[in-house]
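Contents: one structure, followed by commentary.
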Amino acid sequence: MEEARSVIWQAYDSLLLDLDGVVYEGANAIGGAVEAINGFLGEGAPIGYVTNNSSRKPETIAEQLSGFGVPCDPRCVISSGQTGVELLAQKIPAGAKVLVVGGEGLRARVIGAGFELVSSSVDQPAAVIQGFSPDVSWRDLSEAAYSIQNGAQWVATNSDWTIPQERGLAPGNGTLVSAVHTAVGILPEVAGKPEPAIFETAVRELALKKPLFVGDRLDTDILGANRAGIDSALVMTGVSTRKELLGVGPDSRPKYILGSLLELQNDYLAPVASKRGYRCGKVSVELLGNKVIVVDGDPRSLDALKAATAVIWNSGQAIHALDVEAALYS
């Protein structure tokens, strides 16, 4: 049986990368990310960064990447704050008052778009835009709630429940949005992933034709890319786990599964069908009755994960109806 191999990168003209969990965790670069990115840049490949985190300016993010040894033009950083402000411009008049819950990057976007920045519901803002910042307080959330209850439009930059940090996963913007939602009883329009608008902004602003998007979250990165009609790769260095990947629904399944960004430069070994399952490299995974079992090879390897996803996704059965070997997801 022939193995299905291809160099992923050769099928695309550009690369779009998520940042948190793909390129860095907090202040630290993820292993292999810098080497991989510089390799693509050395080949003249266009690279953009698509992030749901709107708390910092593109210039600040570019400085962090430069500190890792990755040259970056701030214009290549597309944040949910940028798309969020574009949505605001469709909802409220030019120069209108906007209450911002979030960081310096989001405030700069709002001011740069010509809106008047306010911090209190007493100022009767026409809209609230809510993004992540580690210093968001109860007062900020309360002012947002009061403004929305008074009729202000509400846009959230993203609804991520978690954000990767050096010491683990921390609460993300989705938890803060949920707090306001509990108070006001409605949901905001979301600018960032998994909505396709941020991908459309990236493709337009960077003039891309056939990009590959790489993310670490199934629920935002991969779902969003799929919705936008962009091929996606999941890298196992961030939020989503092996167990989540095995059980994910069709709308959030990536085209590729990677251990790190470095694997984009290598031959990609895709699973191939066998008599009772799928084989990937030296690993065979079979579906025997309702049992998903590794019959050959290391069940904790990436090849085993790829073969197991192929077995489960093509089984026609829901994950809860299958007995999956624990070593595949533990």
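Points worth noting:
- Computed per residue of the chain from DSSP H runs no shorter than four, each worth -39500 (n - 2.57), the mean residue ellipticity at 222 nm is -9000 deg cm²/dmol.
- Amide proton proximity set for residue 53, modelled H, under 5 Å, gap of 5+: 80
- Remark: the chain carries a charge dipole of roughly 520 debye about the Cα centre, counting +1 on each Lys and Arg Cβ and -1 on each Asp and Glu Cβ.
- Charge tally for residue 225 (other residues, Cβ to Cβ under 14 Å; Lys, Arg +1; Asp, Glu -1): -2.
- Length added when fully stretched, residue 138-residue 273, from 0.36 nm per residue minus Cα-Cα: 43.2 nm
- Distance between modelled label sites at residue 35 and residue 300, nm, 7 Å Cα→Cβ extension: 2.2 nm
- The calculated FRET efficiency for the pair residue 315 and residue 266, based on their C-beta separation and a Förster distance of 35 Å, comes to about 0.75.
- For the chain, relative contact order (Cα pairs under 8 Å, six or more residues apart, normalised by length) works out to 18 percent.
- Residue 124 versus residue 330: modelled label distance in nm, points set 7 Å from Cα along the beta carbon direction: 6.4 nm
- Mean separation of Cα contacts under 8 Å (6+ apart) over length of the range 211-270, as relative contact order %: 34 percent
- Highest-first packing order for the peptide set 51-60, 268-277, 37-46 is 51-60, 268-277, 37-46, based on the mean count of other beta carbon atoms within 10 Å.
- Inter-site label distance for residue 187 and residue 89 at 7 Å from Cα along Cβ, in nm: 2.7 nm
- C-alpha center-to-center spacing [the range 35-87, the range 159-202] in angstrom: 19 Å
- Which of 319, 50, 254, positive extreme of dipole for the chain (C-beta unit charges): 319
- Reported label for calculated percent of Cα pairs over 25 Å apart given (1) 70; (2) 53; (3) 50: (2)
- Within the shell defined by Cβ-Cβ distances under 14 Å, the residues around residue 286 carry a net charge of +1, with Lys and Arg each +1 and Asp and Glu each -1.
- Listed by Cβ neighbour count within 10 Å, with the fewest neighbours leading, 68, 132 appear as 68, 132.
- Annotation note: trypsin sites (Lys or Arg not before Pro) in the range 64-172 located in DSSP loop regions with a Cβ neighbour count of at most 12 within 10 Å are 167.
Rule-based calculations on the coordinates, nothing more; no lab input. Since this is a predicted model, take the numbers as computed values, not measurements. Every residue, glycine among them, receives a Cβ derived from its backbone with ideal geometry; neighbour counts consider all protein chains shown.
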